[in-house]
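Heads up: the structure comes next, in structure tokens.
The values are calculated or read from the model by the stated rules, or taken from the named source; none is laboratory data. This one's a predicted model, so the numbers in the text were calculated from it and none came from an experiment. A quick note on method: Cβ atoms are made from the backbone with ideal geometry, for glycine too, and the neighbour counts reach across all protein chains shown.
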Amino acid sequence: LENLLSYCKNAGTSNLELMGNDLEGCLGIPESPQQRLMAEARAAAEKAGQPIQGRIQLGPEAQAEMAKYQETLKAWRANMDWDKVAEVRKRFNDLGIDIHIVKTSPGANSSDEDIDYAFKLAKAMGAQAVTTEMTMESAQRVAPFAEKHNMLLALHNHMQYSTDEWREGPDKVLAISPSIMLNFDQGHYFGSTGNHPVDFIKKYHDRILSMHMKDKTGP
């Protein structure tokens, strides 16, 4: 938290899209064993002379440890100390920094409890929206919860607009609910399509809640 506050203060930031893992880190989330377990599995494979291709597969004991952690995480979120959330928000607000969006990334396979938690956490931080990666399935799953909490779901893009499904634009996904907005990444858009982002912005300006801006070469 101290690093986040320092970075934002030094940069003159007054409005922030806050990553959910960083926020939960400030709130004392139980440490995940995943990195340690993956490293142990990789070391064991190398010691046994086994070729490593793609993602390392965890053994039964490691999978059981991860399952136990997921239960611990679920309980931690269910018993969130909301006073502590208010304290973290106040630390930002006291520096003149508002939290605009929290990226908790609820998706098509998220449980009702996880999606409700995502919006409740974002609202407690004063955010307008939760953001997640743009898919039709995630939009259909999560939008009703945005409406329920009287908040917005901001969909973020990477390479989607270069695919057949999204080449014509986001009209179909925006039609699902007025709660759906765009967290438009103009760098990824141009980098994957070669199309000028200003044309997109002009067309969808009333549905763009936030933008990521960066220099980018073409496809």
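Any residue in region 127-138 that is in contact with a helix residue (DSSP H, G or I) (Cβ under 7 Å, 6 or more places away or on another chain), assigned to a helix (DSSP H, G or I) and farther than 24 Å from ALA175 by Cβ? No, the conditions are met nowhere in region 127-138.
Within region 17-44, the set of residues being among the aliphatic types (A, V, I, L, M) and over 20 Å from TRP82 (Cα atoms) comprises LEU37, MET38, ALA39, ALA41, ALA43, ALA44. Residues of region 19-43 that are aliphatic (A, V, I, L, M) and either surrounded by 13 or more Cβ atoms within 10 Å (Cβ to Cβ) or within 29 Å of the chain's Cα centre (by Cα) (or both): MET19, LEU23, LEU27, ILE29, LEU37, MET38, ALA39, ALA41. Where helices (runs of 4 or more DSSP H) fall wholly inside region 1-65, the ranges with 3 or more residues that are out of contact with any Asp or Glu (no Cβ under 8 Å at 6 or more places or on another chain) and farther than 24 Å from LYS90 by Cβ are 34-47. Determine whether GLN140 is of a type in the set (S, T, N, Q) and exposed (fewer than 15 other Cβ atoms within 10 Å of the Cβ). Here the answer is yes, as GLN140 does meet what is asked. For region 100-113, the criterion of being touching a strand residue (DSSP E or B) at 6+ places or on another chain (Cβ under 7 Å), of a type in the set (Lys, Arg), under 30 Å from THR217 (Cβ atoms) and not in a helix (DSSP H, G or I) is satisfied by at least one residue. Taking region 90-137 as the range and being modelled with pLDDT of 95 or more, within 18 Å of ILE208 (Cα to Cα) and either among the small types (Gly, Ala, Ser) or surrounded by fewer than 19 Cβ atoms within 10 Å (Cβ to Cβ) (or both) as the test, the residues that pass are ALA127, GLN128, ALA129, GLU133, THR135, MET136. Using the structure shown, decide if LYS84 is surrounded by fewer than 16 Cβ atoms within 10 Å (Cβ to Cβ), out of contact with any helix residue (DSSP H, G or I) (no Cβ under 7 Å at 6 or more places or on another chain), among the basic types (Lys, Arg) and not in a strand (DSSP E or B). Considered against the rule, which asks whether it is surrounded by fewer than 16 Cβ atoms within 10 Å (Cβ to Cβ), out of contact with any helix residue (DSSP H, G or I) (no Cβ under 7 Å at 6 or more places or on another chain), among the basic types (Lys, Arg) and not in a strand (DSSP E or B), LYS84 comes out as yes. Considering region 151-216, the qualifying helices (runs of 4 or more DSSP H), each wholly inside and each with 3 or more residues that are surrounded by 17 or more Cβ atoms within 10 Å (Cβ to Cβ) and polar (S, T, N, Q), run over 186-193.
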